[in-house]
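Structure first, then comments.
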Number of protein chains: 2
Amino acid sequence: MSPSVAPATAALRNVATRLRINSVRSTTRAGSGHPSTCASAADIVAVLFLGEMRYDPQDPRRVDNDRFILSKGHAAPLLYAAWAEVGIVSREATLTLRELTSDLEGHPTPRLPWVDLATGSLGQGLAAGVGCALNARRIGSDYRTYVLMGDGEMAEGSVWEAAQSGQFHKLDSLCAIIDLNGLGQSRETQFGHDTETVAARWRAFGWHAIVVDGHDVDAVQAAFAEGRATKGQPTVLVARTEKGKGISVMEGKPGWHGKPLSAEQADGAVAELEAQLVPEDGGGCPAIPAPSGVVARPDPAAPGAIEPPSYKKGELVATREAYGTGLAKLGVADARVVALDADVKNSTFTDRFEKVAPERFYQAFIAEQVMVGMSMGLAARGAIPFSTTFAAFLTRAADFVRMAGISGVNAKFAGSHCGVSIGEDGGSQMALEDLAMFRAVPDCAVLYPCDAVSAEKLVVEAAAHKGMAYIRTSRPKTPVTYDASEAFPVGGSKVLRSSASDVLTIATAGVTVFEALKAAETVAGEGIHVRVIDLYSVKPVDAATLTTAGRETTLVLTVEDHYSAGGIGDAVCEVLAPLGMRVERVAVPAVPRSGTPEELMDINGLSARALAETIRRLVSSR
Amino acid sequence: MSPSVAPATAALRNVATRLRINSVRSTTRAGSGHPSTCASAADIVAVLFLGEMRYDPQDPRRVDNDRFILSKGHAAPLLYAAWAEVGIVSREATLTLRELTSDLEGHPTPRLPWVDLATGSLGQGLAAGVGCALNARRIGSDYRTYVLMGDGEMAEGSVWEAAQSGQFHKLDSLCAIIDLNGLGQSRETQFGHDTETVAARWRAFGWHAIVVDGHDVDAVQAAFAEGRATKGQPTVLVARTEKGKGISVMEGKPGWHGKPLSAEQADGAVAELEAQLVPEDGGGCPAIPAPSGVVARPDPAAPGAIEPPSYKKGELVATREAYGTGLAKLGVADARVVALDADVKNSTFTDRFEKVAPERFYQAFIAEQVMVGMSMGLAARGAIPFSTTFAAFLTRAADFVRMAGISGVNAKFAGSHCGVSIGEDGGSQMALEDLAMFRAVPDCAVLYPCDAVSAEKLVVEAAAHKGMAYIRTSRPKTPVTYDASEAFPVGGSKVLRSSASDVLTIATAGVTVFEALKAAETVAGEGIHVRVIDLYSVKPVDAATLTTAGRETTLVLTVEDHYSAGGIGDAVCEVLAPLGMRVERVAVPAVPRSGTPEELMDINGLSARALAETIRRLVSSR
């Protein structure tokens, strides 16, 4: 031990060593995991949890706690070890890593109260951190947000989307740390230990970049202090480290990604690490700083009164426009509601929200991943975010949506311009797989209004729904059909046309509701009676109404402006196929092209004319 | 007119003016489209098509033509106008813009022989350009690749993934042009006309950046020449422009994104533009340079002999490993086959391909969007690319996959580590929606082998399949089941267990095939006879075999290590529900957690034990 080691320095170094020991022990016991990546970041995490971050270790839910996001989620054992160090979990509990009955999973999830968001898909943490930092501004708190990233994940474009959002929003409460250990999973990273090239990239994106030795706890402390003092821009620590630091069998060596030590190797590594413990001379770690307690604008517990829809029956209004109107009304009534845009606010009508609540309107520019990632961070901290763009472009953020589902965050999504009914812009702008994407998220409500009243009402329902919700809106204007007093509960449907002599039920939603009604009217003149159900809640789907209709009419036809895979047809079959009921479907059969909405609806079988033909064919062939 | 205008300069300026006129005319006639963004890039496109690019206007398929990718696809009318200028289409044809019967769609698609890839989802063109440039190296051609981007799309992280790939691969044949007009759709872009800040970002990513006045055809020509002379790194022109240039009603003004002029406004604009035409003094444009004709390694028309699988029956081999083996064998047999990795080659076993064909193995690091984007560019130019990563992380590239589907490119994808059967790593690493994603791509084959033989065979089938194909592989080892001589055609299935007294059919694929077989064996001892079908081709699905099984056994149970939405259950219902057959399903019901593979299979209903219980319940309740 060097005699120049100050007491706090020695204590922090020992914390880091204990974090390494704990990470080795827990991964060896689990038989899988990432001790080498835990070892590289141990000094940084020691400094963060014992000195830098202000938080109450007794109260994970305090809204003004500093936030920590482990973007390199595979270093989970290091995080759990840090919690053990400050008494959040017991040391014994950390040895249940990756067991079925333990919430200490292979990658962190919000099953643990200290975790805001699930990580493990690399490159997502910083975008969520931007959202957490925006939330501090929203509620008037001075909490800071720290995001620990691997160097390999800097290759993800989403990191640079987050970097530019951090710059644009001047988030000086945000601090990223790059654990630059130089080794990816299968090879060295693109830049290895070239700290200056990495720092230059961050500076080009407007960040205050500090190059630091990630194993020097004093230098890391000083860098964090410099970050705290930096105003008007976020800070990044480019921390040079060694993968497997302190464990000679793996330190700086390739081939150790995601590999635990054998029991024998682990004993050797622990002995080696224990020998690195230094006398502390009674100094110990500094006390964990308490949060400031400042929250200028705490969240309300519930929304205020929401202005009801005000349309005339039959009036032509696009659901995308009514969505914007409804979102603005909700924004007035509930300070928790925020809106995020990807530079299409004048097409999705979220500019109406911006007009009434500009301070809660966040511009992501054309960067859907950070839009969704920001919304995840905001949702994790109490906001109710609505991320809106063309539905086709929400697929850009599919992995973020997937991870949002794993986190179970209270985030809402809306996609406009769905289906071939957008017309001339052509296939690249038509969402034909958005229902498939959102239906595949457990517990995500999937809502698809056909008129302005239901669109406004479903905005309110989505906000009230606990967890994720998706609203699909359309470009064409459709007639206002429902009374303003009508309720649209998640999981419901509306039978719009029905008689005792119905021989077929059409289950549909959105623009095709009106084509179905027209087709039903046409064939009624030929003595064929058809029931029409507005399946505005695609998920959960109204199994009771569908089952009754299936029983009474014996044939169900699903109709959707979406590809067949993953949409309304699949949702209905999931309910009716176990009952052996017959379900036919009409969906967009192939990659579409440019044309007028009317032409495209017709050649894809979705027009009233085409549907009437399909009804006749199905009924006559029975 | 200034007397200092050189003849070629005057001619190019007039070309640009005519491109603007044509763009105004075609969008006004269509009643929709983006004349303002066409106007900003007209001078750049004039220089590119009449002087800079080497190509044969008579032969769009020449492999050594320089490539042009219009990443800002909404400027399609400008591209069509350029084609009219060089005689590729007629001027009259450009006036059919966006009509149903015209291939001149709202955004370019490969329905047009000069278009490599569909664009219109911003931020994808440069990744495809990286693939086109890699292809030049692959076939030994000196063709250059030009990608015209908007400034708004620089916000997409995928652009920075492409930038780093361009740097990593030292692609000096690649030239990007940023049309820096400063205006996005709904507002000014983040950096407006700040050319130096934009150029600094590109320099930080290792590109040779040239700031240029995008309306000065001489300066643009000189910048392209500088790009051609730059070795070892790609070039980007940061071209300062005005949106709506030359049309006073819209030049540099917000609110004109995506808006055509009225007929009257268009007449005025055309008159204004015509007044900008300058005398050419007989000089005219330079001749279009011809391609060099150099192609050192032209592609074979077909693969050579492929080494067959060599396993012992019952041997335990993971399908992900057999996939790697099969891909390496295919790589030896077919020089068109290339492999792309996102730093997981040692988990997906694509390192076996790298060993036998390192020059056709492309590392994308942890950047799935550019991996897929590069593969699209390579596929468009004759390669047969296999992009492989964990299936969960292919969702990161969902919008690229969507656009690949619109392009109908011959690109192949493989996702490993599907489902809860990966075990301890937890939900973030488990693909449970990948079948939904790929089934939603029209004409994409979706293949899901259960053993090593079928895995190897399906690699060959995927390569031979015309268009997109996806192969889903698993982490656990499974017993080799099939003979090396067995054929696995796309659209087929294998009945693995069958008798005349079967009362239920299990349709499944992958690891659950073996659980189903064990469950069937168990209940057979109780007198319940169950058919088991290996549905290795999830799409197209084997409707004939399923229908026969459904008729003969009257009850079909689908089983999948995937969420219910969009997977095997949906695929089977799509075929059997129109016949009114009863289909039950077992799928992963909720967000999973860490645990052993065996535990997770069991609690999610997928183990032999759980399946036997489900079979008993279904059969007894009939």
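The values are calculated or read from the model by the stated rules, or taken from the named source; none is laboratory data. Note that this is a predicted model, so its numbers are computed, not measured. Backbone-built Cβ (ideal geometry, glycine too); neighbour counts: all protein chains shown.
Tabulated values for the structure
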| read-out | value |
| --- | --- |
| Given (1) under 13 Å from A:VAL238 (Cβ atoms); (2) surrounded by fewer than 22 Cβ atoms within 10 Å (Cβ to Cβ); (3) within 14 Å of chain B (Cβ to nearest Cβ), index of the condition A:GLY206 fails | (1) |
| All positions within region B:602-622 that are closer than 29 Å to A:THR109 by Cβ and either of a type outside the set (D, E, K, R) or facing another protein chain (nearest Cβ under 7 Å) (or both) | B:ILE603, B:ASN604, B:GLY605, B:LEU606, B:SER607, B:ALA608, B:ALA610, B:LEU611, B:THR614 |
| Subset of region A:577-594 (residues that are surrounded by 20 or more Cβ atoms within 10 Å (Cβ to Cβ) and either modelled with pLDDT under 95 or more than 7 Å from chain B (Cβ to nearest Cβ) (or both)) | A:ARG585, A:VAL586, A:ALA587, A:VAL588, A:PRO592 |
| Residue among A:VAL332, A:VAL370 that alone is of a type in the set (A, V, I, L, M), within 14 Å of chain B (Cβ to nearest Cβ) and either assigned to a loop (DSSP other than H, G, I, E, B) or farther than 15 Å from A:ILE471 by Cβ (or both) | A:VAL370 |
| Set B:LYS243, B:LYS231, B:LYS259: member being touching a His at 6+ places or on another chain (Cβ under 9 Å), closer than 30 Å to B:ALA163 by Cβ and either in contact (Cβ under 8 Å) with a residue 40 or more places away in the chain or not in a loop (DSSP other than H, G, I, E, B) (or both) | B:LYS243 |
| Cross-chain or 6+ apart pairs with Cβ under 6 Å, region A:360-378 first and under 19 Å from A:SER347 (Cβ atoms) and free of Cβ contacts under 8 Å to residues at least 40 places away in the same chain, then among the aliphatic types (A, V, I, L, M) and outside any loop (DSSP other than H, G, I, E, B) | A:PHE361/A:ALA339; A:ILE366/B:ALA155; A:GLU368/A:ALA397; A:MET371/A:LEU340 |
| Filter result for the condition that a residue is within 16 Å of B:SER26 (Cβ to Cβ) and either touching a Phe, Trp or Tyr at 6+ places or on another chain (Cβ under 8 Å) or within 12 Å of chain A (Cβ to nearest Cβ) (or both), over B:ARG54, B:ARG98 | B:ARG98 |
| Matching entry among B:SER71, B:SER158 (being in contact (Cβ under 8 Å) with a residue 60 or more places away in the chain, hydroxyl-bearing (Ser, Thr, Tyr) and in contact with a strand residue (DSSP E or B) (Cβ under 9 Å, 6 or more places away or on another chain)) | B:SER71 |
| Boolean, A:ALA436 is closer than 21 Å to A:VAL572 by Cα and within 8 Å of chain B (Cβ to nearest Cβ) | yes |
| Single match in B:GLU552, B:GLU574, B:GLU599 (criterion: more than 9 Å from chain A (Cβ to nearest Cβ) and either of a type in the set (D, E, K, R) or in contact (Cβ under 8 Å) with a residue 60 or more places away in the chain (or both)) | B:GLU552 |
| Every residue from region B:102-123 that is crowded, with 24+ Cβ neighbours inside 10 Å and in contact with a helix residue (DSSP H, G or I) (Cβ under 6 Å, 6 or more places away or on another chain) | B:LEU104, B:HIS107, B:PRO108, B:ASP116, B:LEU117, B:ALA118, B:THR119, B:GLY120, B:SER121, B:LEU122, B:GLY123 |
| Matching residues in region B:327-382 - criterion: being surrounded by 21 or more Cβ atoms within 10 Å (Cβ to Cβ), aromatic (Phe, Trp, Tyr), under 17 Å from B:PHE413 (Cβ atoms) and over 17 Å from the mean Cα position of the chain (by Cα) | B:PHE349, B:PHE353 |
| Considering residues of region A:555-571 that are outside any helix (DSSP H, G or I), at the interface with chain B (Cβ under 10 Å from one of its Cβ atoms) and free of Cβ contacts under 8 Å to residues at least 60 places away in the same chain only, the residue nearest to the chain's Cα centre (by Cα) | A:SER564 |
| Sole residue being of a type outside the set (A, V, I, L, M), more than 14 Å from chain A (Cβ to nearest Cβ) and either over 27 Å from the mean Cα position of the chain (by Cα) or at positive phi (or both), chosen from B:PRO385, B:PRO286, B:PRO298, B:PRO303 | B:PRO286 |
| Yes/no for A:ASP602 being in a strand (DSSP E or B) and farther than 25 Å from B:LEU504 by Cβ | no |
| Which numbered condition A:ARG396 misses (of (1) more than 13 Å from the chain's Cα centre (by Cα); (2) among the basic types (Lys, Arg); (3) crowded, with 24+ Cβ neighbours inside 10 Å) | (1) |
| Of residues in region B:103-152 being charged (D, E, K, R) and farther than 25 Å from A:THR596 by Cβ, the one nearest to the other protein chains (Cβ to nearest Cβ) | B:ASP151 |
| Close pairs (6 angstrom Cβ cut-off, 6 or more residues apart or separate chains): acidic (Asp, Glu) in region A:105-122, assigned to a loop (DSSP other than H, G, I, E, B) anywhere | A:GLU105/B:GLY426; A:GLU105/B:ARG593; A:GLU105/B:SER594 |
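Residue-by-condition table, conditions (1) part of a strand (DSSP E or B); (2) of a type outside the set (Ser, Thr, Tyr); (3) over 21 Å from the mean Cα position of the chain (by Cα):
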| position | (1), (2), (3) |
| --- | --- |
| B:ASN410 | no, yes, no |
| B:GLU424 | no, yes, yes |
| B:PHE438 | no, yes, no |
| B:PRO442 | no, yes, no |
| B:VAL446 | yes, yes, no |
| B:VAL453 | no, yes, yes |
| B:GLU461 | no, yes, no |
| B:TYR470 | yes, no, no |
